[in-house]
Amino acid sequence: MHDTVIRGARIVNGSGGPAFTGDIAIEDGRFVQAGGKAGPGRREIDADGLLATPGFVDVHTHYDGQATWDPWLSPSGWHGVTTAVMGNCGVGFAPAAPDRHDWLIGLMEGVEDIPGTALSEGMSWNWETFPEYLDALEAMPHALDIGTQVPHGAVRAYAMGERGAANEDPTEGDIAAMAGIVEEGLRAGALGFSSSRTMLHRSIDGEPVPGTFAGHDELMGIGRACGRAGHGVFEIATDFGIGGMDGRFRDDVVWMRDLSRETGLPVSFILAQSDRSPGDWRRILDWTEAAVAEGARLRMQVSARPAGMLMGFESSMHPFMGHPSYMELAHLPLAARVARLSDPEVRARLLAEDSIRQGKFDSYVFNHFAGMFPLQS
């Protein structure tokens with residue numbers, strides 16, 4: 001008798017072949033049958049009309065805090081994710097000096113819009129170093145497999161204190177300290193190292209993520225530490241203004257090429273398209289192909305679907321944040337604000353206006369709402 005039998009599922013087995021209907025049998029935690037009619041099971045699940053697929057590996061999540069208290073990592077488990085990778089975008093919660101807890105929470109809250117109150121209440125902070133963080137994760141039961149990377153922002157703040165948090169240039173000693181932390185983390189089991197080069201990533205007080213402007217020596221020093229550890233991905237969150245929204249993508253492809261060729265590490269970064277410069281992605285693709293032809297292991301990540309956002313008048317973003325008519329009402333309580341916005345005259349004036357937020361960061365975010373669309377079920 002099988003331990004578990006899933007009856008009558010529509011099976012997509014990951015081979016690329018067509019879906020088919022059948023039973024799935026499990027014994028001792030392993031699949032022993034997928035398709036056909038299985039024998040009886042001690043536990044049987046009726047899956048008629050449901051899909052059964054291999055688990056999904058979500059390579060980009062921010063469960064760094066939630067993973068320390070939630071064994072289910074909801075909602076990812078509800079959607080078929082069986083492995084989640086954390087520590088992306090250069091933000092995370094280890095290493096963590098005792099006086100940096102609130103700052104690290106503010107960094108995550110600003111970059112990923114995760115409520116700081118939930119992180120403050122949920123995390124026990126029974127770690128300081130990155131290996132201790134991995135031990136804390138290991139001590140937790142988990143319904144999903146998890147892996148994490150060493151985040152540049154946390155490393156900089158731990159090694160350099162306020163200078164690192166403020167994106168000041170490091171000394172040789174600072175670089176050596178950061179390299180040591182990263183190598184220690186990878187040897188303890190981290191999947192790699194992550195950083196951010198996009199001005200869209202900012203802390204709750206509006207400051208760019210530590211490492212956004214990191215220079216060649218710092219990045220190569222950390223990359224060589226990964227090479228000494230013998231494994232790991234060097235992951236960079238990027239946009240078209242890599243290194244500060246000043247069009248320096250070509251320079252950064254050069255150091256990514258050099259780093260990969262010297263260490264043998266894969267370097268992963270984001271390739272996107274921007275209406276501000278619609279042909280840039282082709283140039284970046286050409287530069288990357290040339291680097292790969294020279295022996296670099298550069299890998300571009302492309303979103304299959306644009307990012308989704310939850311927007312509202314009480315959330316951190318909505319289409320009217322930079323409109324003068326809205327800004328006049330922004331201080332009002334929500335009920336009063338909605339009442340004023342329901343006035344036909346106010347609505348007409350609001351819809352006729354453009355955003356007046358025109359800084360490099362603001363213009364990128366607040367002037368692209370026309371390209372968004374509601375997701376229909």
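The residues on offer are Arg156, Arg163, and the sole one that is in a helix (DSSP H, G or I), touching a Pro at 6+ places or on another chain (Cβ under 9 Å) and surrounded by fewer than 18 Cβ atoms within 10 Å (Cβ to Cβ) is Arg163.
Name the one entry in Pro319, Pro278 that is farther than 18 Å from Phe234 by Cβ, at pLDDT below 85 and touching a helix residue (DSSP H, G or I) at 6+ places or on another chain (Cβ under 8 Å). Only one candidate passes the filter, namely Pro319. Is it true that Glu168 is in contact with a Phe, Trp or Tyr (Cβ under 8 Å, 6 or more places away or on another chain) and not in a strand (DSSP E or B)? The answer is no for Glu168. Name the residue that is surrounded by the fewest Cβ atoms within 10 Å (Cβ to Cβ), counting only residues in segment 108-124 that are under 13 Å from the mean Cα position of the chain (by Cα) and among the hydrophobic types (A, V, I, L, M, F, W, C). The selected residue is Ile114. For segment 20-48, the set of residues classified as free of Cβ contacts under 8 Å to residues at least 40 places away in the same chain, more than 23 Å from Ala143 (Cα to Cα) and either polar (S, T, N, Q) or not in a strand (DSSP E or B) (or both) consists of Thr21, Gly35, Gly36, Lys37, Ala38, Gly39, Pro40, listed by residue number.
Determine, yes or no, whether Gly80 is more than 20 Å from Ala136 (Cβ to Cβ) and in contact with a Phe, Trp or Tyr (Cβ under 7 Å, 6 or more places away or on another chain). Yes: the conditions hold for Gly80. Say whether the condition of being surrounded by 13 or more Cβ atoms within 10 Å (Cβ to Cβ), assigned to a loop (DSSP other than H, G, I, E, B) and either assigned by TED's automatic domain parsing to the domain that holds Leu191 or touching a strand residue (DSSP E or B) at 6+ places or on another chain (Cβ under 7 Å) (or both) is met by at least one residue in segment 81-91. Yes - at least one qualifying residue is present in segment 81-91. Residues in segment 54-80 that are of a type in the set (Val, Ile, Thr) and assigned to a loop (DSSP other than H, G, I, E, B): Val59, Thr61. The sole residue among Ala25, Ala94 that is at pLDDT 95 or above and either loosely packed, with under 14 Cβ neighbours inside 10 Å or not assigned by TED's automatic domain parsing to the domain that holds Gly232 (or both) is Ala25. Put simply, of Ala176, Ala190 the only residue that is surrounded by fewer than 18 Cβ atoms within 10 Å (Cβ to Cβ), modelled with pLDDT of 95 or more and under 17 Å from Pro151 (Cα atoms) is Ala176. The set of residues in segment 213-234 being over 20 Å from Thr148 (Cα atoms) and not acidic (Asp, Glu) consists of Phe213, Ala214, Gly215, His216, Met220, Gly221.
The values are calculated or read from the model by the stated rules, or taken from the named source; none is laboratory data. Just so it is clear, the model here is predicted, and its values are computed rather than measured. As a convention, Cβ positions derive from the backbone with ideal geometry for all residues, glycine included, and neighbour counts pool all protein chains shown.
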